[in-house]
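See below for the structure under consideration.
The values are calculated or read from the model by the stated rules, or taken from the named source; none is laboratory data. Since the model is a prediction, treat every value here as computed from it, not as a measurement. We place every Cβ from the backbone using ideal geometry, glycine too, and count neighbours over all the protein chains shown.
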Amino acid sequence: MIRTTGLAYGYAQAPAISFPDIDVAQGGVLLLKGPSGAGKSTWLALAAGLLRPSRGQIEVAGQDLTALKKVAADAWRAGAIGFLPQKLHLSEALTVAGNLAMAQWAAGVPDDPNAVQRTLEALDLVALAGRKPRQLSGGQAQRVALARAVLLQPKVILADEPTASLDDAAAQAALQLLQASAERCQATLVIATHDARVAAALPRATTCQIGSQRIFNLQEAL
Ligand SMILES: Nc1ncnc2c1ncn2[C@@H]1O[C@H](COP(=O)(O)OP(=O)(O)OP(=O)(O)O)[C@@H](O)[C@H]1O
């Protein structure tokens with residue numbers, strides 16, 4: 001589940017971005033829409049506990065993130081959040097399977113080759129397990145990044161513009177895979193996008209339009 005109330009975030013020396021209230025049940029799908037610069041990535045960073053709100057409340061998968069300190073937020077994020085970034089950040093030095101094993105190490109969980117294998121199978125990556133990222137197509141590399149995001153069975157999957165550079169067929173495939181992966185973990189799925197194809201493909205998703213609401217003086221608004 002994700003619930004926000006009166007959420008706002010202010011970068012230094014800029015008007016604060018104000019976000020609409022959100023209430024999505026666990027296992028639901030949320031589309032964060034809005035033009036470039038509206039604040040979608042900022043919202044994702046707030047939901048991942050990477051940024052702390054300047055104002056308002058945010059609860060994600062039962063955790064109140066509003067007052068969580070950095071170390072606690074890092075530990076919570078490792079177990080609760082699967083992130084599919086726009087730039088995939090796969091390690092070029094490691095194979096596909098190595099990139100997944102690395103994710104376990106980075107999260108501080110014990111090596112679990114069976115979990116890696118199961119995830120490779122679920123995302124149809126077994127045949128590519130020994131390849132390096134540069135030996136993959138763009139769509140294959142995105143599948144690897146999604147495998148890495150769901151490996152630890154997160155409660156929430158955050159996907160930043162997952163269809164941005166894909167043609168229609170690949171975009172549909174990516175969206176189906178995201179939904180199937182979320183269903184497998186019973187995770188809430190959040191997709192930040194300004195791609196109209198995503199809303200058309202997910203008609204039952206909750207939609208949040210992030211606009212250009214700005215708070216020019218956050219102190220006065222509190
Ligand atoms: N580190 C930062 N410092 C100051 N301002 C920032 C910072 N990061 C983002 N911004 C500003 O905050 C606003 C929201 O940015 P954000 O990246 O969240 O938008 P977005 O909707 O994700 O955009 P896009 O679709 O282009 O990725 C923009 O005006 C941006 O310039």
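Numbers for the structure displayed
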{"read-out": "Complete set of residues in segment 51-84 that are part of a strand (DSSP E or B) and not acidic (Asp, Glu)", "value": "55, 56, 57, 58, 60, 63, 81, 82, 83, 84"}
{"read-out": "Output for segment 43-65, where each listed residue is out of contact with any Asp or Glu (no Cβ under 8 Å at 6 or more places or on another chain) and farther than 19 Å from residue 149 by Cα", "value": "51, 52, 53, 54, 55, 56, 59, 62, 63, 64"}
{"read-out": "Restricting segment 1-24 to residues that are in a loop (DSSP other than H, G, I, E, B) and within 16 Å of the ligand (Cβ to nearest atom), the residue that is surrounded by the most Cβ atoms within 10 Å (Cβ to Cβ)", "value": "19"}
{"read-out": "Selection within segment 25-50 - assigned to a loop (DSSP other than H, G, I, E, B) and either within 13 Å of the ligand (Cβ to nearest atom) or among the hydrophobic types (A, V, I, L, M, F, W, C) (or both)", "value": "25, 34, 35, 36, 37, 38, 39, 48, 50"}
{"read-out": "Candidates 128, 84, 94, 136, filtered to the one that is under 21 Å from residue 182 (Cβ atoms) and touching a residue at least 24 places away in the same chain (Cβ under 8 Å)", "value": "84"}
{"read-out": "Conditions (1) farther than 20 Å from residue 154 by Cα; (2) surrounded by fewer than 16 Cβ atoms within 10 Å (Cβ to Cβ); (3) among the charged types (D, E, K, R): number failed by residue 52", "value": "(2)"}
{"read-out": "Residue satisfying all of: in segment 126-153; modelled with pLDDT under 95 and outside any helix (DSSP H, G or I); surrounded by the most Cβ atoms within 10 Å (Cβ to Cβ) among these", "value": "151"}
{"read-out": "Residues that are under 26 Å from residue 164 (Cα atoms) and touching a Leu at 6+ places or on another chain (Cβ under 7 Å), drawn from segment 47-80", "value": "47, 48, 49"}
{"read-out": "Failed condition for residue 148, given (1) of a type in the set (Lys, Arg); (2) closer than 22 Å to residue 198 by Cβ; (3) in contact with an Asp or Glu (Cβ under 9 Å, 6 or more places away or on another chain)", "value": "(3)"}
